[in-house]
Amino acid sequence: MKYDHILIRYGELALKGRNKRVFLQQLQHHIQHKLRQFKRIKVSQTQGRMFILLNGENPEPVFDICKQIFGISSMSAAIKVENNEDEIKQAALYALQQSKHARTFKVVSRRVNKTFPVGSQALNHMLGGHLLTHTEGFTVDVHDPDVKINVEVREKATYITSDVVYGLGGLPVGSGSRTLLMLSGGIDSPVAGYLAMKRGVAIEAIHFHSPPYTSDRAKQKVLDLVKKLTVYGKTIRVHLVPFTKLQQAIFEEIPDGYTMTVMRRMMMRISEEICIKRGILSITTGESLGQVASQTMESMHAINAVTNLPVIRPLVTMDKSEIIDISEDINTYDISIRPYEDCCTIFTPKSPKTKPKKDRVEHVEHSFDFTPYIEEALEHTEEVKVSDQHTEASEFKDLL
Ligand code: ATP
Ligand code: MG
């Protein structure tokens, strides 16, 4: 006997009413895509349940991958047997024996198929007795068991499950349109991208760099961060925008206190252009209120004024420590703290205005026409696709 199925539970998805079918299809496709290396595995939806059919594969590596798929709230390995008492007993025994750390158990039966001759309560007693006589060291605890042996007698078959493995929750990526993630090499923006993806949103990324002031290693760092985000989605398209000339123009033409605000406004304008070109409806940033000078309410107001697109800021009310915790969980932290300069740190003004007035910023900006610089930056923007396939760290060498 062996586990032959994994039962997928999707919590929040169950609430989605009419859209539910579409969401479930997205989830099924995504699971299939992420498990494509296991040739024998199939994903199916039957009678309102989603199952992974293992067809001889081990459940452990499948769990490891599924733990990183948004939309799954929890999973259990399951055994499917015929609606037959002996087979059910054998399977329940196997399931209990697999729960290595459990000492107490409870059998929870559900008879969906009313033609099955044994009722739920009777099945609980019968299986409980069978498990106690055929194992050593286990006792029954109906209030707080270490493991529940769930037995579901359905129309065509009976499913036996035990331990619950928790997933990430959220919504399946792709069910919620796309956003353009403004990705620096810092700690915050990859976390913002991850949280947008958690709500079902697929991402494309935009990164501004300033060669030769920023190095190839800084660019590599950003691509490495994107690679970590692909774990939760599919291939991610990255727009690498050369920002040097525009930044130099800003620093020559704009009074020192406003350069940072103007620079951010230019980044927003270029991001909006890329959104239009790509049919993307929102921009996502890693801004968090009060963190640095550019992230005051006044600053956000002045920067946001250049676009009508929704700007999503998943981290806006989070503390740095909370953001760092997530970045460690998703393995971006160690990449983010690599010490390469980014374009913003190189062109940092001595005394940026922490409360820039929008009208004043617009006034100083109007003294110079930045449009040709924006157009040039867009024209020389390079696109790189980072695949979610497992590859060696050196994969980007050719691109740099
Ligand atoms: P992060 O850790 O994400 O770099 P930060 O705390 O350093 O954030 P800022 O430097 O003020 O904050 O940047 C705010 C946001 O602006 C970033 O989270 C990111 O979304 C965007 N951003 C900053 N620099 C760049 C860049 N070079 N390319 C693309 N987006 C950027
Ligand atoms: Mg930064």
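Filtering Leu123, Leu181, Leu131 for residues that are closer than 30 Å to Asp325 by Cβ and either within 16 Å of ligand 2 (Cβ to nearest atom) or not in a loop (DSSP other than H, G, I, E, B) (or both) leaves a single hit, Leu181.
Considering each residue of the stretch 205-239, count those that are in a strand (DSSP E or B) and either crowded, with 21+ Cβ neighbours inside 10 Å or near ligand 1 (Cβ under 9 Å from one of its atoms) (or both), and give that number.
8
Does Phe63 qualify as being out of contact with any Leu (no Cβ under 9 Å at 6 or more places or on another chain), at pLDDT 95 or above and closer than 18 Å to Leu168 by Cα?
Spelling it out, Phe63 is indeed out of contact with any Leu (no Cβ under 9 Å at 6 or more places or on another chain), at pLDDT 95 or above and closer than 18 Å to Leu168 by Cα.
I'd like to check something: does the stretch 295-313 contain any residue that is more than 25 Å from Ser177 (Cα to Cα) and in a loop (DSSP other than H, G, I, E, B)? Checking the stretch 295-313: at least one residue is more than 25 Å from Ser177 (Cα to Cα) and in a loop (DSSP other than H, G, I, E, B). The single residue among Ser271, Ser288, Ser282 that is within 12 Å of ligand 1 (Cβ to nearest atom), hydroxyl-bearing (Ser, Thr, Tyr) and more than 16 Å from Leu246 (Cα to Cα) turns out to be Ser288.
The values are calculated or read from the model by the stated rules, or taken from the named source; none is laboratory data. The structure presented is a predicted model; accordingly, all values stated were derived computationally and were not measured. Cβ atoms come from the backbone with ideal geometry, glycine included; neighbour counts cover every protein chain shown.
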